[in-house]
Amino acid sequence: MTECENRLCVGMMTGAVGTTAALGKDGLAVHQKLSEILGLEPVLISNQVLQRDNHAEFIMDLANIATTLDKMALEVRNLQRTEIGEIGERFDPEKQVGSSTMPHKMNPITAERICGVSRVIRAYVTPAMENNPLWHERDLTNSSCERIIFPESCILTDYILQLSIKLFSNLVFYEENIECNLNITHGLIMAERVMAELTRHGAGRQTAYALVRSCSVEANQTGKRLEEIISANTEIRKYLSSEEILEIMDPHTYLGSAMEIVENVLNQSENWF
């Protein structure tokens, strides 16, 4: 929103059809001076009103914010599902009721509300775009439409921003379930790392891929742990020792630069607020 402010917020004092004719020979100077007083850039060209592409971009920016919040809230909803259960909304059993008929329910109501309201905001992009082509560049079809989409888009975006702050300030993490889900594939999620380490230890890229793929297929078919199958593979053991395989198969040591990336985002975000 900050980046689009200078582009979208402009001043205009150009008369009924945008020519400044009624202002006399100093019309453009009046237009520019008024914009200067208001602290705005003077619009380069207009008719009775500004071109509506400015307004459409504003609505699209709000919709983009809403879509991002929707994406984040949707992830919370999915990760709160019983069969995953890694994170969830904080639930107050003394005050909250999950369902009027199912006493056990703890629905992610805040995340669901964010997702639902964001659909309304996104839906306003279409009428905002439809307001661009006006008859002879100026009829009033945009006016009645904008009286609805502008206030509602702004109010609803502010609303789901507040909901998002509430949601992400009170997340609950279920670490035992996270650990369980890491192990649900019996080590198959570490196949990429095994392949990468094989290439670092001298195996060709295609050779490493074929070896790990063969072991992964066997693990899927037999239900054995990938670590067990890899350790028994004589070709792989030419490159990796038992100790190296043990370390490679530990997902806790395969985080890459994740922590640094998070810190970079947090540090940069301090400049946004």
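Bear in mind these aren't lab numbers, they're just calculated from the coordinates by the rules spelled out. Note that the coordinates shown come from a computational prediction; the quantities given were computed from them, not determined experimentally. Don't worry about glycine lacking a Cβ; one is built from the backbone with ideal geometry, like all the others, and counts go over all protein chains shown.
Taking the chain as a Gaussian network of alpha-carbon nodes connected by springs under 10 Å, the highest mean-square fluctuation of the residues Met195, Met102, Met72 belongs to Met102.
Net charge in the neighbourhood of Arg52 (other residues with Cβ under 15 Å of its Cβ; Lys, Arg +1, Asp, Glu -1) is -4.
For Gly11, the residues 5 or more places off, or on other chains, whose built amide H falls under 5 Å of its own are Glu41, Val43.
Per-residue ellipticity at 222 nm from helix content only, as computed over the chain with -39500 (n - 2.57) for each DSSP H run of at least four residues, stands at -18500 deg cm²/dmol.
Taking the Cβ of Gly202 as the center, what net charge do the other residues with Cβ under 14 Å away carry, scoring Lys and Arg +1 and Asp and Glu -1? Here the count lands on +1. Among complete DSSP H helices in the chain, those whose alpha-carbon atoms stretch at least 27 Å along the helix's long axis and whose mean Kyte-Doolittle hydropathy reaches -0.5 are 53-80, 141-169. Would the stretch 70-196 count as rounded, prolate or oblate if I go by the C-alpha gyration tensor, calling it rounded below 1.5 in a/c and otherwise prolate when a/b exceeds b/c, oblate otherwise? It is oblate, given that a/c is not under 1.5 and a/b is not larger than b/c. Taking GluC sites (Glu not before Pro) in DSSP loop states with no more than 11 other Cβ atoms inside 10 Å as exposed sites, the chain has its longest site-free stretch at 95-273. Near Asn132, within a Cβ-to-Cβ distance under 14 Å, what is the net charge of the other residues, with Lys and Arg +1 and Asp and Glu -1? Combined, the nearby Lys, Arg, Asp and Glu give -4.
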